[in-house]
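Chemist: Before anything else, here's the structure in question.
No value in this document is a laboratory result; all are computed from the given coordinates. Remember, it's a predicted structure, so these values are computed and weren't measured experimentally. We place every Cβ from the backbone using ideal geometry, glycine too, and count neighbours over all the protein chains shown.
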Amino acid sequence: MKSAFELAMERLGGSIKQYSNEQKEQLAEIDKLYDAKIAQAKFAAADRLKKADNDPAQQKQIQDDLAVELRSLEERRDYKKDELRKQFSS
């Protein structure tokens, strides 16, 4: 039985890329690596927030820095996965 996503892709004329188990594992490794980096960034930010001693300006800066770092990590994860997918299709 096909998923709703697969049916929609067929109707739109798109194709679904099928990856081997090895390729799926390589993509999952990238996710694991960046999940760990994201967790590290969050823990580090939480530690800095504890040391901020209720300074609202410093807390805001830490939260803003964390948001930027998380966005950067997500973008790098997506880039690495896209590069890997390009290698799969060559």
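Chemist: Between Lys81 and Lys42, take the C-beta separation as r, use R0 = 22 Å, and let me know the FRET efficiency to the nearest 0.05.
Modeler: 0.55
Chemist: Per-residue HN-Hα couplings for segment 28-39, Karplus 6.51 cos²θ - 1.76 cosθ + 1.60 at θ = phi - 60°, whole Hz, x for Gly and Pro?
Modeler: So the J values, rounded to whole Hz, are 5, 4, 4, 4, 4, 4, 6, 4, 5, 5, 5, 4.
Chemist: Once R0 is set to 22 Å, what does the formula 1/(1 + (r/R0)^6) return for the Cβ-Cβ distance between Lys32 and Ser3, expressed as a FRET efficiency to the nearest 0.05?
Modeler: 0.35
Chemist: Here is a follow-up. Please give the charge dipole size of segment 19-89, origin at the Cα centre, charges +1 on K and R Cβ atoms and -1 on D and E Cβ atoms. Round to the nearest 20 debye.
Modeler: 40
Chemist: If you look for lysine pairs in the chain that are eight or more places apart or on different chains, how many of them have Cα atoms under 23 Å apart?
Modeler: 27
Chemist: Have a look at Gln18, Gln40, Gln59 and tell me which one the Gaussian network model of the chain (Cα, springs below 10 Å) gives the largest fluctuation.
Modeler: Gln18
Chemist: Could you tell me which label, among (1) 5.7; (2) 8.5; (3) 8.0, carries the value of mean projected area of the Cα convex hull in nm² calculated for this structure?
Modeler: Label (2) holds the value from this structure.
Chemist: Here's another thing I want to ask about it. If you rank Tyr79, Tyr34 by fewest surrounding Cβ atoms within 10 Å, what's the result? Can you show the working numbers first?
Modeler: Details: Tyr79 11, Tyr34 17.
Ranked by crowding around the Cβ, least crowded first: Tyr79, Tyr34.
Chemist: Please list 3J(HN,Hα) in residue order for segment 62-76, calculated via the Karplus relation 6.51 cos²θ - 1.76 cosθ + 1.60 where θ = phi - 60°; whole Hz, with x for glycine and proline.
Modeler: 5, 5, 5, 4, 5, 4, 5, 5, 5, 4, 4, 5, 5, 5, 5
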